Amino acid sequence: MRRDSGSALVEALIGSAIVAMTLGTMYHAVVDSAARNRMAEEKRFAGLIAQSEMATVGPIVPVEPGITTGVQLGYPWRIQIEPLTVGLPASNAGQVLRVTVFVQSPRGRQLASVTTFALGRSS
C-alpha cells in the first residue's frame, strides 16, 4: 500500500468544502440582492404614492393646518400641514404653510416623505 493513497480523499474533501463555501456565498449574495431590489421597489412605489397624495392638497385636501391620513394599496400615508415657524414678515397674501406627505410600508417603516410650501388663507 502506498503512503499517499489517502491524499486523494483529503483533496476531494477540501475541494468539496471550497465548492460548498462558494455556493453558500453566492446564495447569500443572491438573497441579499433580492432583498435590496424589493426595498428599492417599495421606496419607489412609496414615492409615487407621496407625489400622488401631494397633488391632492388644494383640490381635495384643504390648505389649512391639520393632518389627513389614509391608506393606498396597503401603504399608510399622512399629510401634515402646519404653519411655517420661521420669522416671516406679515403679509396680506396669506399664511405660509409647510405641507409634508409621509408614506410608510405596510409593516410601519417610513419609506418616503415629500415636503413643499403652500399659501393658506390670510388670518
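Just to confirm, what accessible area per residue do you get for the stretch 50-123 at 1.4 Å probe, in whole Å²?
Details: 4620 Å² over 74 residues.
Spelled out: the 1.4 Å probe surface of the stretch 50-123, per residue, equals 62 Å².
Step by step: find N for the chain, compute 2.2 N^0.38 Å, then divide the Cα radius of gyration by it. What's the final number? Display every interim value, and only then the final one.
Values: Rg = 28.2 Å, N = 123, 2.2 N^0.38 = 13.7 Å.
Normalised Cα radius of gyration, the chain: 2.06.
With springs only between Cα atoms under 10 Å, which of Val86, Val63, Val96 fluctuates most in a Gaussian network model of the chain?
Val86
What does the accessible area of Arg78 come to, in Å² to the nearest 10, when a probe of 1.4 Å is used?
80
Considering amide H positions built from the backbone, and no H for Pro or chain starts, which residues 5 or more places from Gln72, or on another chain, come under 5 Å of its amide H?
When sequence neighbours closer than 5 places are left aside, the close amide H contacts are Trp77.
Which angle between 0 and 90 degrees, to the nearest 10, do you get for helix 7-54 versus the longest principal axis of the chain when only C-alpha atoms count?
The two axes meet at around 10 degrees.
Within the chain, what whole-number % of the accessible surface is contributed by carbon and sulfur, with the 1.4 Å probe and all protein chains included in the calculation?
On the way: 5280 of 8810 Å².
Ligands and nucleic acids excluded, carbon and sulfur give 60 percent.
The values are calculated or read from the model by the stated rules, or taken from the named source; none is laboratory data. Since the model is a prediction, treat every value here as computed from it, not as a measurement. Side chains included, ligands, DNA and RNA excluded: accessible areas come from the protein's heavy atoms. Shrake-Rupley method; radii C 1.70, N 1.55, O 1.52, S 1.80 Å.
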